[in-house]
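What follows is a single structure, written as structure tokens, with notes after it.
The values are calculated or read from the model by the stated rules, or taken from the named source; none is laboratory data. What you see is a predicted model, and the numbers here were worked out from it, not measured in a lab. Positions of Cβ are generated from backbone atoms using ideal geometry, with glycine treated the same way; all protein chains shown enter the neighbour counts. For the accessible areas, the whole protein counts, side chains as well, though only heavy atoms, and no ligand, DNA or RNA atoms are used. Shrake-Rupley method; radii C 1.70, N 1.55, O 1.52, S 1.80 Å.
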Amino acid sequence: MSNRLEGRFAAVTGAASGNGRAIAEKLLSDGATLAAIDLNADALAGVFGDRPDVLQVQADVADEESVKAGFTRISDAFGRLDVLVNNAGIVKFGSFENLSRAEWDQVFAVNSTGPFLVSREAYPLLKAGDGDHTRSIVNITSVEAHIVISSSGHPQVHYNASKGALLQLTRALAVEAAPSGIRVNAVAPGFIETPFTAEALAKDEVRNWLLERTPLGRVGKPEDVANGVAFLASDEASWVTGTTLFVDGGWTIY
Ligand SMILES: NC(=O)c1ccc[n+]([C@@H]2O[C@H](COP(=O)([O-])OP(=O)(O)OC[C@H]3O[C@@H](n4cnc5c(N)ncnc54)[C@H](O)[C@@H]3O)[C@@H](O)[C@H]2O)c1
């Protein structure tokens, strides 16, 4: 716990579960006031209750009108933003030969188009942020934006491609946003214990295979991801933009 985000306004998508929840809790414990955005309003209410430092925003990041309505509420409540974390994401498994157009579109809509729509609505608020501090966007990509772990065991070319698109969105926007004092970075998690990976990690053979390939010898926790995000969101990273922080226990060394 620190007070390095004291007085800052942050927004996190997919804040009701897994990595997003841990990121939200970390930014709050570092002093930020938070807009917690999620598709699932009941889950948001269950996690954040009636905390006065959390604005609960039910929105679908893949739906332009829903994102606009959500950011109207955030703008009315905060007037500016200092940190945006694009975390909401979905995973689907299916072999390439049988992959439907609908499923491809669904994965891209949430994982790639969602961060575009959310960042675009957040952008004027980030520009209006506290000029004494750096402002930043952190995108949650994946090691699967860089390498392909799973295509033999549980194929997911659409997930890999959608995270690759988010990686390049991160790098391109970092260039465009830099003159406005806005930094744009990514955190690439390896396997993290969340509802997203619960099914895979419940299988001993998957868990053992994973541990053999992970130099640090354990599965990741959502708090590991949150700590990386909090660093990139803070002034300690004031000269860091367009980069990716791998939070993967060393998986991508090999
Ligand atoms: N868990 C892992 O091992 C892992 C590894 C690498 C990357 N990631 C990435 O981390 C992010 C979060 O994953 P997680 O494991 O915490 O997943 P999760 O399923 O536990 O949580 C995802 C949250 O996002 C919300 N959400 C889903 N679609 C949404 C939408 N259209 N609009 C708004 N909210 C939506 C869900 O309601 C849920 O609360 C994802 O982007 C994922 O790709 C996870």
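Considering only residues that are within 9 Å of the ligand (Cβ to nearest atom), under 29 Å from residue 181 (Cβ atoms) and assigned to a helix (DSSP H, G or I), which ones fall in segment 35-66? Selection gives 66 alone. Given the structure, is residue 172 more than 25 Å from residue 227 (Cβ to Cβ), touching a residue at least 24 places away in the same chain (Cβ under 8 Å) and open to solvent by 30 Å² or more (accessible area, probe 1.4 Å)? Criteria not met by residue 172.
Quick check: anything in segment 211-228 exposed (fewer than 15 other Cβ atoms within 10 Å of the Cβ), free of Cβ contacts under 8 Å to residues at least 24 places away in the same chain and near the ligand (Cβ under 10 Å from one of its atoms)? The answer is no; no qualifying residue exists. Filtering segment 10-25 to residues that are more than 9 Å from the ligand (Cβ to nearest atom) and surrounded by fewer than 24 Cβ atoms within 10 Å (Cβ to Cβ) leaves only 25.
Kindly list the number of the only condition in (1) part of a loop (DSSP other than H, G, I, E, B); (2) near the ligand (Cβ under 8 Å from one of its atoms); (3) in contact (Cβ under 8 Å) with a residue 40 or more places away in the chain that fails for residue 7. So the condition that residue 7 fails would be (2). Determine, yes or no, whether residue 139 is of a type in the set (S, T, N, Q) and either part of a strand (DSSP E or B) or within 21 Å of residue 105 (Cα to Cα) (or both). Yes; evaluated as a whole, the condition is true for this residue.
Scanning segment 67-104 for residues that are over 30 Å from residue 155 (Cβ atoms), open to solvent by 30 Å² or more (accessible area, probe 1.4 Å) and within 16 Å of the ligand (Cβ to nearest atom) yields 68, 69, 73. Here the condition is being of a type in the set (A, V, I, L, M, F, W, C) and surrounded by fewer than 17 Cβ atoms within 10 Å (Cβ to Cβ); of 35, 41, it holds for 41 alone.
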